[in-house]
Amino acid sequence: MKFIIQSTDRASSARAGTLETAHGKVQTPIFMPVGTAANVKAVHLPHLVDDVKAQIILGNTYHLYLRPGVDIIRQAGGLHRFIGWDKPLLTDSGGYQVYSLTEIRKLKEEGVTFQSHIDGSKHQFTPENVVDIQRKIGADIIMAFDECTPYPCEKDYARNSMEITHRWLQRCFDRFNSTGPLYGYEQALFPIVQGSVYPDLRKKSAEAVSSFEADGNAIGGLSVGEPHEMMYEMTELVCDILPHDRPRYLMGVGTPANILESIALGVDMFDCVMPTRNGRNGMIFTRDGFMNMLNNKWKDDFSPLDEEGTSFVDRQYTKAYVRHLFKSGEVLGGMIASLHNLAFYLWLAGEARERIIAGTFSSWKDQMVRKVTTRL
RNA sequence: GGGGAGAUUCCAGAGCGGUCAAAUGGGGCAGACUGUAAAUCUGUUGGCGAAGCCUUCGGAGGUUCGAAUCCUCCUCUCCCCA
C-alpha cells in the first residue's frame, strides 16, 4: 500500500494525498461511508458509485462474523465479491463493539467474550482470530483489535485499557505477519491509538503505534461523548506524533464541522454513521447548515431539497415532499436522506482536498464550519 | 312506532363521588443520534406561571363539604326489532 502526499496546507496541518490499494486509489482527505453489515444502509450500489462518489466503504468484523458468517463470505470469494463492490474496502475489527456492547461482553487479557446481539450465543474475539476473520473477509485495510474506551473514563482504567490494546496490537501484527492474504491481493493492517482524553496516555499510545511503522494509523476512542475541544486537542497531539508520511484515520468522526477541523489537524480518513443514521432519522446536512426534515416549517416548502447538492435527489425532490415521506414513515425518505448526506460528506472531503491543493483551505474551512453548524 | 346504548381534553378510548387537567394508543410539535444491537430513542401535547392558580369531560338545572362520575330535563348520535 502506498500513500503519496500531493500537497500540504501552509496555514494548517491539512494535506491532500493519494492512497493506493489493491482495489484502486483513494483521494484524501476522504470520508468512508459505513457499510457495517455488507451494505451501506438504504443506498443502492450504483448510487453509492455514481451519486455519492464513494471511493472506499467500511464493513464490520463483528457483524459479518455473526451474519452471514465468515464461511459464506469466504465462499463468495471475499467481501468485495459478496457485496459487488470492486473499490477499496476497510473492515473495523469489532473493537467498537467492545465499547458499544459493553452489557453483553467480558474483557480479558486473552480477548473478549461476546454474546451475540442476535441470538445471545457466546463467542470470543482475540487479536489472532480477528486478524484471521479479516483475512477471510478480505478488505484492503483491516483494523487492529482494540478496546474503545467510553467517556468519561477513569485514568487508571484508560491506562490499563491502553496497555492491553498495545499488547493486543503486537499479537495482531504477529498474526498478520505470519499469515498471508487469501484472495491474491495485499491487505494493510492499521493500528489504533487509544488513551482516552489523557495527553500523556495519548502520547504514549501514539508512540507505541508509530513504532510498528504500519501503512496507516488510526485514532480511536474519540467522539464518544467528550467535548469537541478535547477531541481536537487529542487529535492534534496524536497527529504530531504519528508518521507524517502515512495516512491518519480518525475513527468514527463525525459531524461536518468535526471533519473539517480534523482535516486541519492532519487527518486523512474518516468514517461515521451520522450521514446514514441521522439521514434515516430525518436529518439533512447541507453546506449551508442542517435541517430536521420532520419540522413543520418544511411542510409547504416546494423548493428543491438542496439547491447546491451534488446528487440527483437534491433537485428531483422538494423539501415538502421529503418531509411528507418522513412524516408518513415511508422508506424512501430515509433512502433519499442517506444518499444526499453521503454525497454531501463526499463533496465536503473532496472540496477540502481541492482547497488544500489550491492553498485556500484554512479560510474556507473557518467559513464552512460556521455555515455547517447552523440549524436551518 | 317499540327497545337499547352513548355523548370525555386534536382523534380513538379509559375513568364511574375526592388520590382527575383526566390512563393508554394514535396524531401533532420538538429534541437526540459521531469506528451502526438504531428506518431508532426521548420529551412534550387546556391557559398563565416558581411552588401555584384559573377554565375544562354535549347543554341547562339540581343533590353534595366536594361531580367527568349521582338526579331531572333538553339536544344530538348509534344499534336492534317492526
Query - All positions within region A:194-222 that are surrounded by fewer than 18 Cβ atoms within 10 Å (Cβ to Cβ) and over 17 Å from A:M162 (Cβ atoms) - result: A:E213
Query raised in the report: Picking from A:V26, A:V43, which residue would you name as being assigned to a strand (DSSP E or B), touching a residue at least 40 places away in the same chain (Cβ under 8 Å) and either surrounded by 17 or more Cβ atoms within 10 Å (Cβ to Cβ) or touching a Cys at 6+ places or on another chain (Cβ under 9 Å) (or both)?
Result: A:V26
Query raised in the report: Among the numbered criteria (1) over 25 Å from A:Y185 (Cβ atoms); (2) away from RNA strand B (no atom under 11 Å from the Cβ); (3) open to solvent by less than 10 Å² (accessible area, probe 1.4 Å), which single criterion is violated by A:T165?
Result: (2)
Report summary line: Matching residues in region A:64-84 (away from RNA strand B (no atom under 15 Å from the Cβ), touching a residue at least 40 places away in the same chain (Cβ under 8 Å) and over 17 Å from A:Q124 (Cα atoms)) number 6
Query raised in the report: Taking helices (runs of 4 or more DSSP H) that fall entirely within region A:223-329, which contain at least 2 residues that are under 17 Å from A:L342 (Cα atoms) and open to solvent by 20 Å² or more (accessible area, probe 1.4 Å)?
Result: A:274-280, A:313-316
Requested in this report: Answer yes if at least one residue in region A:42-58 is under 26 Å from A:L222 (Cα atoms) and touching a His at 6+ places or on another chain (Cβ under 7 Å), and no otherwise.
Outcome: no
Query - Positions within region A:336-375 being within 14 Å of RNA strand B (Cβ to nearest atom) and open to solvent by 60 Å² or more (accessible area, probe 1.4 Å), in sequence order - result: A:T373, A:R375
Query raised in the report: Within the set of pairs 6+ apart or on separate chains, which have a first residue in region A:100-113 that is under 14 Å from A:C148 (Cα atoms) and near RNA strand B (Cβ under 9 Å from one of its atoms), a second that is at pLDDT below 95 and part of a loop (DSSP other than H, G, I, E, B), and C-beta atoms under 7 Å apart?
Result: A:L101/A:H117
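The values are calculated or read from the model by the stated rules, or taken from the named source; none is laboratory data. Keep in mind it's a predicted model, so treat the numbers as computed, not measured. FYI the Cβ positions are ideal-geometry reconstructions off the backbone, even for glycines, and counts take in every protein chain you see. We work out accessible area using only protein heavy atoms, side chains counted, and drop any ligands, DNA or RNA first. Shrake-Rupley method; radii C 1.70, N 1.55, O 1.52, S 1.80 Å.
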